[in-house]
Structure formats: structure tokens, C-alpha cells
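Scroll down for the structure; my scribbles are underneath it.
The values are calculated or read from the model by the stated rules, or taken from the named source; none is laboratory data. No experiment lies behind these values; they were computed from the predicted model shown. Cβ: placed from backbone, ideal geometry, glycine included. Neighbour counts: every protein chain shown.
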Amino acid sequence: MTINGMSIEIVRKRIKNLHVGVYPPNGRVRVAAPRHLSDEAVRLAVVTRIRWIRKQQRRFAEQARQSEREMVSGESHYFEGRRYRLRVEELDAPPQVVPASGGILVLRVRPGAGREKREDVLYEWYRSQLKDRIPALLDLWEPRVGVQAAEVRTKRMRTRWGSCNIQDRRIWLNVELMKKSPACLEYVLVHELVHLLERNHTARFKELMDLHLPSWRQRRDELNSSPLAHEGWDY
């Protein structure tokens with residue numbers, strides 16, 4: 001559907017309420033609409049949100065963005081909200097990543113390892129770091145929120161920091177969160193735990209977030225204002 005010269009992706013789902021999302025890096029607009037809504041009703045809903053959509057698109061356009069990583073010594077990488085300079089060391093030993101003093105992130109790979117292999121090693125390190133932090137966060141927040149997730153998994157996601165399968169009570173966290181501050185990771189986990197109580201971003205959802213994590217809006221803004229990766233994410 002095209003509205004005001006803007007291309008809109010429409011996805012029909014078995015849901016009660018219409019949801020409009022604007023996604024990085026280029027402000028793609030996607031509408032999840034109940035199956036019973038007519039095209040004209042969807043069009044009207046989008047038109048009433050045009051100013052908000054344009055605002056989100058401008059925010060993505062103005063947001064700092066990292067260039068595509070080449071995985072060579074000297075370039076910047078982030079870990080827990082801090083910027084590190086990468087130092088690549090080729091050794092005939094198992095690959096390893098070590099945060100060192102002076103803001104250096106040492107990436108040890110076997111001789112001849114190319115960009116993709118180096119990237120894989122760093123990604124798996126980020127993933128292991130995220131997995132290590134999840135149990136303590138669950139121990140802290142499940143009792144506070146009053147819910148229990150069946151499991152929390154990690155993966156690379158192109159447009160979301162986290163997601164929640166309500167029926168299976170399964171939470172997914174984006175491995176890219178390890179590049180953000182611990183406060184951002186905590187916010188996303190609490191956000192998904194609250195979804196086990198309230199499926200959508202309703203007034204009740206916001207009330208629950210205010211109750212359990214009063215600083216959630218500031219953390220959300222920090223998460224979405226920090227430099228985006230090359231592809232870009234939002235939450």
C-alpha cells in the first residue's frame with residue numbers, strides 16, 4: 001500500500017489491534033493488521049500516524065551509525081557500552097577474545113583467518129558473554145515481575161532487541177545487546193518478562209513497566225540513541 005508517497009508493508013494477522021512499526025536503517029514501515037480490518041480502515045489508521053512515522057524516520061536518518069566492520073586492527077568495537085579498539089593477533093591456537101587494559105579488545109585468530117571468520121569468533125564471544133549474564137538477571141527479575149520464562153535464548157536479530165513467544169513463554173535476546181550498557185540489557189529482559197503478563201504495548205503494559213522498572217524510558221532512549229550497527233536495530 002502506498003500512502004502519501006510512502007510504501008507501506010501490510011501483514012494480516014490473527015490479532016485484535018493494529019500495530020504500526022518503523023524499522024531501521026531506512027525507516028521501513030510495516031503494519032500488522034487484524035484480518036477483519038478493511039484496506040480503507042488500515043489506510044486511515046496509517047494516515048493518523050503519519051507525523052509519528054515521519055518523526056521516527058528522521059530519527060533513524062540522524063542517528064549515528066557505524067560503518068561496516070572490516071575486522072582489522074584499529075577499528076572501533078563496543079562492549080557493554082564502552083568503545084574498544086580492536087587488536088587482531090594471529091596465533092596457532094584456539095580463537096579467543098580478551099578485553100585488555102587501555103580500551104583494547106584483543107581478537108586472537110589462527111593465521112590466515114579472513115574477515116568472516118574473525119567476525120564469527122567475535123560474535124560467538126559476544127553470545128557467550130550474554131548467556132553468562134542471563135541467569136543472574138532472571139534470578140533478580142522473575143520474582144520481582146512475578147513470572148517465570150520457560151527459557152531465554154540468544155540469537156542475531158536484524159530489527160529487534162528482544163522478542164517473546166507468549167504461548168511457549170520463550171524469550172529471545174539479541175546478541176547485539178552485549179555492545180550496549182548493562183542497563184540496556186536489563187531493560188530489554190524486563191520488557192520481555194512483562195510481556196508474559198501483558199501481550200501488547202498497552203497502557204497496562206506501561207503501568208507494569210513503571211512499577212517494576214521506573215527508569216525504563218530513559219534506558220530505552222539510551223538503547224536507541226547509541227550508535228547503531230551497520231544494519232541497524234530499534235526497540
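The single condition from (1) out of contact with any helix residue (DSSP H, G or I) (no Cβ under 7 Å at 6 or more places or on another chain); (2) at pLDDT 95 or above; (3) of a type in the set (Lys, Arg) that Arg160 fails is (2). Residues that are among the small types (Gly, Ala, Ser), surrounded by fewer than 12 Cβ atoms within 10 Å (Cβ to Cβ), outside the structural domain of Trp125 (by TED's automatic domain parsing) and on the phi < 0 side of the Ramachandran plot occur in region 67-84; there is at least one. Checking each residue in region 172-184 for being over 11 Å from Trp216 (Cα atoms) and either among the aliphatic types (A, V, I, L, M) or within 9 Å of the chain's Cα centre (by Cα) (or both) picks out Leu173, Asn174, Val175, Glu176, Leu177, Met178.
Among the residues of region 106-131, the ones that are part of a loop (DSSP other than H, G, I, E, B) and in contact (Cβ under 8 Å) with a residue 12 or more places away in the chain come to 4 in all. Which of the residues that make up region 113-143 are in contact with a helix residue (DSSP H, G or I) (Cβ under 6 Å, 6 or more places away or on another chain) and more than 28 Å from Leu91 (Cα to Cα)? Selection gives Leu137, Trp141.
I need the helices (runs of 4 or more DSSP H) fully contained in region 132-227, keeping only those with at least 1 residues that are acidic (Asp, Glu) and in contact (Cβ under 8 Å) with a residue 24 or more places away in the chain. Once the helices (runs of 4 or more DSSP H) in region 132-227 are filtered for at least 1 residues that are acidic (Asp, Glu) and in contact (Cβ under 8 Å) with a residue 24 or more places away in the chain, what remains is 182-195, 216-225. Pairing each residue of region 77-100 that is small (Gly, Ala, Ser) and in a strand (DSSP E or B) with any residue that is modelled with pLDDT of 95 or more and surrounded by 14 or more Cβ atoms within 10 Å (Cβ to Cβ), provided the two are 6+ apart or on different chains, yields C-beta distances under 8 Å for Ala100/Arg87; Ala100/Val106.
Residue count for region 80-98 satisfying the condition of being touching a strand residue (DSSP E or B) at 6+ places or on another chain (Cβ under 6 Å), under 20 Å from Met178 (Cβ atoms) and at pLDDT 95 or above: 9. Ser73 versus (1) of a type in the set (Gly, Ala, Ser); (2) under 18 Å from the mean Cα position of the chain (by Cα); (3) at pLDDT 95 or above: which is the lone unmet condition? Checking Ser73 against (1) of a type in the set (Gly, Ala, Ser); (2) under 18 Å from the mean Cα position of the chain (by Cα); (3) at pLDDT 95 or above, the one that fails is (2). Among the residues of region 180-234 satisfying the criterion of being among the hydroxyl-bearing types (Ser, Thr, Tyr) and buried (at least 17 other Cβ atoms within 10 Å of the Cβ), which is modelled with the highest pLDDT? The selected residue is Tyr187. Only residues that are touching a residue at least 24 places away in the same chain (Cβ under 8 Å), among the β-branched types (Val, Ile, Thr) and closer than 18 Å to Arg51 by Cα were counted across region 1-30, and they come to 5. Taking Val147 as the residue in question, decide whether it is modelled with pLDDT of 95 or more, at negative phi and either buried (at least 19 other Cβ atoms within 10 Å of the Cβ) or out of contact with any helix residue (DSSP H, G or I) (no Cβ under 7 Å at 6 or more places or on another chain) (or both). Considered against the rule, which asks whether it is modelled with pLDDT of 95 or more, at negative phi and either buried (at least 19 other Cβ atoms within 10 Å of the Cβ) or out of contact with any helix residue (DSSP H, G or I) (no Cβ under 7 Å at 6 or more places or on another chain) (or both), Val147 comes out as no. Return yes when Glu40 is charged (D, E, K, R), exposed (fewer than 12 other Cβ atoms within 10 Å of the Cβ) and not assigned by TED's automatic domain parsing to the domain that holds Ile15 and no when it is not. Considered against the rule, which asks whether it is charged (D, E, K, R), exposed (fewer than 12 other Cβ atoms within 10 Å of the Cβ) and not assigned by TED's automatic domain parsing to the domain that holds Ile15, Glu40 comes out as no. Per the conditions (1) within 21 Å of Glu176 (Cβ to Cβ); (2) surrounded by 16 or more Cβ atoms within 10 Å (Cβ to Cβ), the sole criterion not satisfied by Ala113 is (1).
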